[in-house]
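As structure tokens, the structure follows; a few thoughts come after it.
The values are calculated or read from the model by the stated rules, or taken from the named source; none is laboratory data. Since we're looking at a predicted model, the values are computed, not measured. Here the Cβ is made from the backbone with ideal geometry for all residues, glycine too, and neighbour counts use every protein chain on show. Just so you know, the surface numbers come from the protein's heavy atoms only, side chains and all, with ligands and any DNA or RNA stripped out. Shrake-Rupley method; radii C 1.70, N 1.55, O 1.52, S 1.80 Å.
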Amino acid sequence: MRIGVPREIKNHEYRVGLTPQSVVELRALGHQLWVETQAGAAIGFSDADYAKAGAQIATDAEQVFAEAQLIVKVKEPLASERVRLHPGHTLFTYLHLAPDRPQTDELLASGATCIAYETVTDARGRLPLLAPMSEVAGRMSIQVGASCLEKARGGRGVLLGGVPGVAPGKVVILGGGVVGSHAAAMAIGLGAEVTILDKNMDTLRRLDAQYGNRIATRYSTRAALSELVLAADLVIGSVLIPGASAPKLITAGMVRQMKAGAVLVDVAIDQGGCAETSRPTSHSHPTYVVDEVVHYCVTNMPGGVARTATLALNNATLPFVIALAEKGVHRALEEDVHLRNGLNVAAGVLTNAGVAAAHRLPYTPAEEVLAAL
């Protein structure tokens, strides 16, 4: 298999699809790799490291796309990358298509096979390729939220852990999945008062068993959500419906009633965000203020700790890259239902029901598409 790794071009995105260590593994199996020059330089992986690992160093993205059959990235392809895709390509990366109609339309038009990290599953129904970045984003959400609470950054001037004689800050986490549980771990470590809301009682029981009286758990109703969000210093939005748009749990009216200087970190922004007032931001301009509430809605949060995030992501994605390379894309997708669940676009049609519903476009099951190819 000819595998290409372009340099990421999204704002302040320094992660890279494959590390030199991953290249070594793929080269040992006989596959060819093209890595765009400087693809990993910002996080300590030089062109020399990749060359030593056995990759060919491409002079630009055009050469990567021209040479490769399988394109391994981190973030969704931007417009200048999408125009290079064609039916002979398989794209393996995060896509987050539900809130992004232009990308969806252009991937459909390209004829490429597009597999999204965020909808690949495992035998227990989890999302193994989303999990490592969710872990990073969950931990980062408290780190950036605590910083945004500083008065100089527009926040209330609250120290999350408080000090002797002064109450700690109140952190409310919407969703107790991977992001939420890792956010809770960090918030507890800082000494904050932590409440987690979820509609899944098994999730709440797990969190209660894990953290005991260090957190409060609440079943998520409209009344509970409103009560807690309005009293919070820091709200973490971590709800997820795999492949689909995030539900708008926080209304604009709720934001108007939140404390002046409170902070909302919307980790669900990749899927459209869980607040009506959320809109995508970048690491260059991460925050904005609506009704005196600081919003942090960076769409590639883990890119802020790009080396850690890249290593964690490669640990999860490499077995799937190897399967695609060793078996060929068609056979790998046919034999592995969990990898097949990651297929979002193939042969010009949508193969993910959540994405199709979000855009009101036709949906074709992946099995039907594969059978016809």
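Please work out whether the range 248-368 counts as rounded, prolate or oblate from its C-alpha gyration tensor, where a ≥ b ≥ c are the square roots of the eigenvalues and a/c under 1.5 means rounded, while otherwise a/b larger than b/c means prolate and anything else oblate? Judged from the Cα gyration tensor, the range 248-368 comes out oblate (a/c at least 1.5, b/c at or above a/b).
Note on the range 26-118: percent of Cα-Cα distances in each 10 Å bin, starting at 0 and stopping at the bin with the largest distance, equals 16, 46, 31, 8, 0. Nonpolar atom fraction for the chain, defined as the carbon and sulfur part of the 1.4 Å probe accessible area, stands at 52 percent.
The Cα-based radius of gyration and maximum Cα-Cα distance (Dmax) for the range 308-373 are 13.6, 41 Å.
At 37 °C and 0.692 mPa s, grab the translational diffusion coefficient of the range 159-237 from Stokes-Einstein with a Kirkwood Rh over Cα pairs, rounded to a whole number in µm² per second. Show your work: numbers first, answer last.
On the way: Rh = 12.4 Å.
In µm²/s, the coefficient rounds to 265.
DSSP beta bridges fully contained in the range 204-317 are about 30 percent antiparallel.
Principal axis analysis of the Cα atoms in the range 191-259 yields extents of 34, 32, 20 Å, listed in decreasing size.
Could you tell me which helices of the chain pass both thresholds, a Cα extent of 24 Å or more along their own axis and a mean Kyte-Doolittle hydropathy of at least 0.5, with helices taken as whole DSSP H runs?
Values: long enough: 131-148 (25 Å, 0.46); 306-327 (30 Å, 0.68).
Helix filter hits for the chain: 306-327.
Taking only the C-alpha atoms of the range 183-313, the Rg (one decimal) and the largest Cα-Cα distance, Dmax (whole number), read 15.0, 41 Å. Under a Gaussian network description of the chain, with springs only between Cα atoms under 10 Å, the residue in S46, S22, S238 that fluctuates furthest is S46. Its Cα centre serving as origin, the chain has a Cβ charge dipole (Lys and Arg +1, Asp and Glu -1) of approximately 800 debye.
Two decimals is fine: what's Rg over Rh for the chain, C-alpha atoms, Kirkwood radius as Rh?
On the way: Rg = 21.1 Å, Rh = 21.3 Å.
My calculation of the ratio gives 0.99.
Arrange the residues K73, K10, K327 by how much accessible surface each exposes, largest first, with a 1.4 angstrom probe. Walk me through the numbers on the way to the answer.
Values: K73 0, K10 40, K327 80 Å².
The residues order as K327, K10, K73, largest area first.
Measuring how big the range 117-258 is from its alpha-carbon positions, Rg and Dmax come out at 15.1, 49 Å.
Toward the positive end of the charge dipole of the chain, with +1 on the Cβ of Lys and Arg and -1 on the Cβ of Asp and Glu, the farthest Cα among L361, V72, G191 is that of G191.
State in Å² the accessible area per residue of the range 68-122; use a 1.4 Å probe, count heavy atoms of protein chains only, and round to the nearest integer.
Working: 1460 Å² over 55 residues.
In whole numbers, the range 68-122 has 26 Å² accessible per residue.
Positive contributions from Lys and Arg (+1) and negative ones from Asp and Glu (-1), summed over other residues with Cβ under 15 Å from the Cβ of Q271, come out at -2. Of all lysines in the structure, the ones whose alpha carbon falls short of 19 Å from that of K170, not counting any fewer than 8 places away in one chain, are K151, K259. Calculated accessible area for the range 263-335 comes out at 37 Å² per residue, all protein chains present (probe 1.4 Å; ligands, DNA, RNA ignored).
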